[in-house]
Amino acid sequence: MFNNYKELETYVKENGIKIITFKETDLSGRWRHLSILAEKFTEDILKKGLGFDGSSYGFLTVEKSDMVFIPDLSSAFLDPIAEMPTISMIGNIYRINQNSYERYEDDPRFVADKAEKYLLETGISDHCLFGPEFEFYIIDNVEYKIEPNNIEVHLDS
């Protein structure tokens, strides 16, 4: 939606945006997010990111949980269901390693980037697309049996 910080800043002012939400998924596919007041969003966040505790999101242990989220402006969109005017965007997750950042290896965007690079470098594919698969099951009844050499599961849907 935006190519640079100035475009976002102008949109926020002209449209009365109050909240900016940064979203990411974990490897289980759960959405995780951080939100800040729109007035607190600065150009510096695009360069240095927004710090957060990775252990609170299930990414890392408490001992080494300092992480940074760097937003991707091109993914930004106006959230159609938020009560307050909200811009939402996804981005990349980095681990803080002493005084430098390194991409977090379990960030699904990083996994997809590496897979795409591998496919191109090996010549397996010259183009690939990744996207979510929205899937759910409605189960009416679950029966199971666990024995030393046998496990059975019966699902009625």
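Taking the range 45-74 as the search range and keeping residues that are surrounded by 12 or more Cβ atoms within 10 Å (Cβ to Cβ) and among the acidic types (Asp, Glu), which one is nearest to the chain's Cα centre (by Cα)?
Result: Asp72.
Determine which member of the set Thr61, Thr86 is under 22 Å from Phe22 (Cα atoms) and free of Cβ contacts under 8 Å to residues at least 40 places away in the same chain.
Details: Thr86 fails: free of Cβ contacts under 8 Å to residues at least 40 places away in the same chain.
It is Thr61.
Just give me the residues in the range 75-105 being surrounded by 15 or more Cβ atoms within 10 Å (Cβ to Cβ), part of a loop (DSSP other than H, G, I, E, B) and of a type outside the set (A, V, I, L, M), in sequence order.
Selection gives Asp79, Tyr104.
Looking for something under 20 Å from Gly131 (Cα atoms) and out of contact with any Pro (no Cβ under 9 Å at 6 or more places or on another chain) - is there at least one such residue anywhere in the range 3-23?
Scanning the range 3-23 turns up at least one residue that is under 20 Å from Gly131 (Cα atoms) and out of contact with any Pro (no Cβ under 9 Å at 6 or more places or on another chain).
With Phe110, Phe130 as the choices, which residue is modelled with pLDDT under 90, of a type in the set (Phe, Trp, Tyr) and either closer than 17 Å to Asp26 by Cα or surrounded by 10 or more Cβ atoms within 10 Å (Cβ to Cβ) (or both)?
None of the other options fit; the residue is Phe130.
What are the residues in the range 50-61 that are part of a strand (DSSP E or B) and out of contact with any strand residue (DSSP E or B) (no Cβ under 6 Å at 6 or more places or on another chain), if any?
Across the range 50-61, the qualifying residue is only Asp53.
Name the single residue, out of those in the range 7-49 being assigned to a strand (DSSP E or B) and touching a Phe, Trp or Tyr at 6+ places or on another chain (Cβ under 7 Å), that is nearest to Asp79 (Cα to Cα).
For the range 7-49, the residue satisfying everything is Ile20.
Just checking, which of Val142, Val111 is in contact with a Leu (Cβ under 9 Å, 6 or more places away or on another chain), over 20 Å from Glu9 (Cα atoms) and in a helix (DSSP H, G or I)? So that I can check it myself, show each step before the final result.
Details: Val142 fails: in a helix (DSSP H, G or I).
After applying the criteria, what remains is Val111.
Need pairs with beta-carbon distance below 6 Å; first residue farther than 22 Å from Ser65 by Cβ and within the range 40-54, second of a type outside the set (Val, Ile, Thr) and not in a helix (DSSP H, G or I); sequence gap 6+ or separate chains.
none
If the requirement is being out of contact with any helix residue (DSSP H, G or I) (no Cβ under 8 Å at 6 or more places or on another chain), over 30 Å from Pro71 (Cα atoms) and not acidic (Asp, Glu), which of these qualifies: Pro148, Pro132?
Only one candidate passes the filter, namely Pro148.
Kindly evaluate Glu102 against the criterion of being touching a Cys at 6+ places or on another chain (Cβ under 6 Å), closer than 27 Å to Leu8 by Cβ, acidic (Asp, Glu) and at pLDDT 90 or above.
Values: touching a Cys at 6+ places or on another chain (Cβ under 6 Å): no; closer than 27 Å to Leu8 by Cβ: yes; acidic (Asp, Glu): yes; at pLDDT 90 or above: yes.
The answer is no for Glu102.
The values are calculated or read from the model by the stated rules, or taken from the named source; none is laboratory data. Everything numeric here is computed off the predicted structure, so don't read it as measured data. Cβ coordinates were reconstructed from backbone atoms using ideal geometry, including for glycine residues, and neighbour counts include every protein chain displayed.
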